[in-house]
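Student: Here it is: the structure, laid out below.
Just so you know, all these numbers are worked out from the coordinates, no wet-lab data involved. A quick note: this is a predicted structure, and the numbers were derived from the prediction, not measured. Virtual Cβ from ideal backbone geometry, glycine too; neighbours counted across all protein chains shown.
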Amino acid sequence: MPTANTSQFKRGLKVEIEGEPYLMAEMEFTKPGKGQAVYRTKLRNLLNGRMLDRTFKNGETLELADVEERSVQYLYQDGTYFHFMNPDSYEQYELPAEKLEDIGKFLVEEATCDVIFWNGTPISVTPPPHVELKVTYTEPGAKGNSTGNVQKPATVHTGAEITVPIFINVDDVVRVDTRTGEYIERVSKS
Amino acid sequence: MPPIEVLRRRAELLASTREFFAARDVLEVDTPLLGEGVVVEEHIDPIPCQVQVEGSNATRYLLTSPEGPMKRLLAAGSGPIYQFAHAFRDGEVGRRHAPEFTMLEWYRPGFDHHQLMDEVEAFVRTLIPEVGDNVFERKTYREVFLESASIDPFATSIEEIRRTCERLAIAVPADFENGSLDDALDLLLVCHIEPQLGAEVPLFVHDYPESQAALAQIHEDAAGRRVAERFELYIQGIELANGYHELLDASEQRRRFEAANQARVENDRPALPLDADLLEALEIGMPACAGVALGFDRLVMLATGATDIRDVRFG
């Protein structure tokens, strides 16, 4: 397996540690004038998102992970798997639903997502930063209270529960930030 | 490339430096950057290069500091000297490190390290008035470790440092237990102690362990600890300068170089030829003196508020 030594360390490097893929999120070279150089890194586990702090001495090596990111289209989910397709090759991929616990409910059909593949297998999905979702349920808002910061819960067609302003009604389409789950604006009225 | 305003400030600092030393009758010198031998240090790598000498290939080194030739000048009777030198250290790339950087190095015959600390303080105060009016603090290496990490560096173990790192959530490198005690102390220093040093008032750290003496004289302190007459200046967590009450004993110097080479070989780094100018200077009889090397790029960083060395110099 190809390796990288400390002089090749940089942010964004994808490495394999104890059989799991990591992204080098932070890397700092430190050295007292006369003393030993160390490379301090923070590594994000690409399977579970956990952060790992590791310190390396000059000349140490890490195995490079066979990790690549591709843009794919979300097709549908069947309860057990989410299905994606490479729009150029029509090749299809599936990810178990439990791996998409957080972001699965923000996926809309045909959305272009970034999927990370490790050794050719998809391991994680990043949806587009903003998606348009249709409100399927929310309590009616009180008339005349369309301004201000009054918020209420709403359910959207993908199943996500979000917080929306009081003036949003069922069948309205709203834009949502997939990273925070927050409402951004109303796209169209019912 | 750094912004032109930063380069202007850099030029002003260069001019102020020259004024500072002219007013004190310190002579500016300009010695070679290429040498046949180097000041051998366990953890500093010069950049080797091949040059044609009398028709054949020879290895030369881009020097890690101009110490050897400057000491040779002192031995020849130059009196006090200073130099802006480009210095080269292979593999050092980071926010505060560049493989080629600018070093301001100066030597004061007749000074000891405390007198030189006084002058370094006056110099920094003249160039960067923003450091404030407070007298720079001075603490021993031992005091700094005791205050920041409750460790006595003269009576500790790698195991104790490992436990302290664990408590402070500092990840230690693999094989930490088999490294040297100095390497362990250095890890704690850079990861935990350094960022706090000189935070409010610039701080001189002095009286280093004998094993970190490098080119400094050694004496016994009041408690009988063998300490090196070496100092470092820290401002806002940045290691700015390293100085010595210079070692004068040629055979001791040769022994330290050879010990450094031995440590290099044990750690799979090449042994290096010794700096002949430096050894010759000590053999001829260099006057007693103190010397200091100050990272000029880091000084520009402090003056401009830059947080990355690449913002104050090319490359």
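Student: Quick one: if the Förster radius is 35 Å, what FRET efficiency do B:ASP112 and A:ARG11 give, using the C-beta to C-beta distance and rounding to 0.05?
Tutor: 0.20
Student: Given B:ALA169, B:GLY224, B:LEU299, which one lies farthest toward the positive end of the charge dipole of the protein assembly as shown, if we put +1 on the Cβ of every Lys and Arg and -1 on the Cβ of every Asp and Glu?
Tutor: My answer, from the dipole projection, is B:LEU299.
Student: So, in Å, what gap is there between the alpha-carbon centers of the range A:160-186 and the range B:156-228?
Tutor: When both Cα centres are located, 55 Å separates them.
Student: Which of rounded, prolate, oblate describes the range B:28-70, given a ≥ b ≥ c as roots of the alpha-carbon gyration tensor eigenvalues and a/c under 1.5 marking rounded, otherwise prolate only if a/b is larger than b/c?
Tutor: Oblate, since a/c reaches 1.5 and b/c is not below a/b.
Student: Another one. Tell me, what HN-Hα J-couplings in whole Hz come from the Karplus equation 6.51 cos²θ - 1.76 cosθ + 1.60 at θ = phi - 60° for each residue of the range A:94-109, using x for Gly and Pro?
Tutor: 3J(HN,Hα) across the range A:94-109, in whole Hz: 10, 10, x, 4, 5, 7, 10, 3, 7, 9, x, 7, 10, 8, 10, 4.
Student: I'd like the distance separating the alpha-carbon centroids of the range A:119-140 and the range B:1-63, in whole Å.
Tutor: With the range A:119-140 and the range B:1-63 each reduced to a Cα centre, they are spaced 57 Å.
Student: Using the Karplus curve 6.51 cos²θ - 1.76 cosθ + 1.60 with θ = phi - 60°, work out ³J(HN,Hα) for each residue of the range A:9-14 in order, rounded to whole Hz, and write x for Gly and Pro.
Tutor: With the stated coefficients, the range A:9-14 comes to 5, 7, 4, x, 5, 10 Hz.
Student: Test of understanding: what is the full-extension gain from A:THR3 to A:SER190, defined as 0.36 nm times their sequence separation minus their Cα-Cα distance?
Tutor: 61.7 nm
Student: Next question. Label the range A:18-163 by shape, choosing from rounded, prolate and oblate, from the square roots a ≥ b ≥ c of the eigenvalues of the Cα gyration tensor; if a/c is under 1.5 it is rounded, and otherwise prolate applies when a/b is larger than b/c, oblate when it is not.
Tutor: Since a/c reaches 1.5 but b/c is at least a/b, the shape of the range A:18-163 is classed as oblate.
Student: Just tell me how shielded B:89-95 is by partners: mean number of partner chain Cβ atoms within 10 Å of each residue's Cβ, no decimals.
Tutor: Counting other chains' Cβ atoms within 10 Å and averaging over B:89-95 gives 4.
Student: To continue, here is another question. Along the Cα→Cβ direction, 7 angstrom out, place labels at B:GLU54 and B:ALA122. What is the inter-label distance in nm?
Tutor: Output for this residue pair reads 4.7 nm.
Student: Now for a different question. Distances over 36 Å make up what percent of all Cα-Cα pairs in the protein assembly as shown?
Tutor: That fraction is 47 percent.
Student: Could you order the peptides B:257-268, B:49-60, B:234-245, B:143-154 from most to least packed, using the average number of other C-beta atoms within 10 Å per residue?
Tutor: Averaged packing, sorted descending, gives the order B:234-245, B:143-154, B:257-268, B:49-60.
Student: Continuing with the same structure: Mean projection of the alpha-carbon convex hull of the range B:221-287 over all orientations, in nm²?
Tutor: 7.1 nm²
Student: Still on this model: Which aspartates and glutamates does A:LYS42 reach when only Cα atoms under 18 Å apart count, and residues fewer than 8 places away in its own chain are ignored?
Tutor: Of all the aspartates and glutamates, those that pass the test against A:LYS42 - Cα under 18 Å, at least 8 places apart if same chain - are A:GLU16, A:GLU18, A:GLU20, A:GLU26, A:GLU28, A:ASP53, A:GLU60, A:GLU63, B:GLU166.
Student: Please say if the range A:83-134 is rounded, prolate or oblate, where rounded means a/c under 1.5 for a ≥ b ≥ c the square roots of the C-alpha gyration tensor eigenvalues, and otherwise the choice is prolate for a/b larger than b/c and oblate otherwise?
Tutor: The shape class here is oblate.
Student: Could you list the square roots of 5 times each eigenvalue of the Cα gyration tensor of chain B, that is, the equivalent ellipsoid semi-axes, sorted largest first and rounded to whole Å?
Tutor: Calculated on Cα positions only, the semi-axes equal 28, 25, 21 Å.
Student: Could you work out the mean count of beta carbons from other protein chains within 10 Å of each residue's beta carbon in A:48-58?
Tutor: 3
Student: Which whole number gives the average, over all residues in A:25-32, of C-beta atoms from other chains lying within 10 Å of the residue C-beta?
Tutor: For peptide A:25-32, the averaged partner shielding equals 6.
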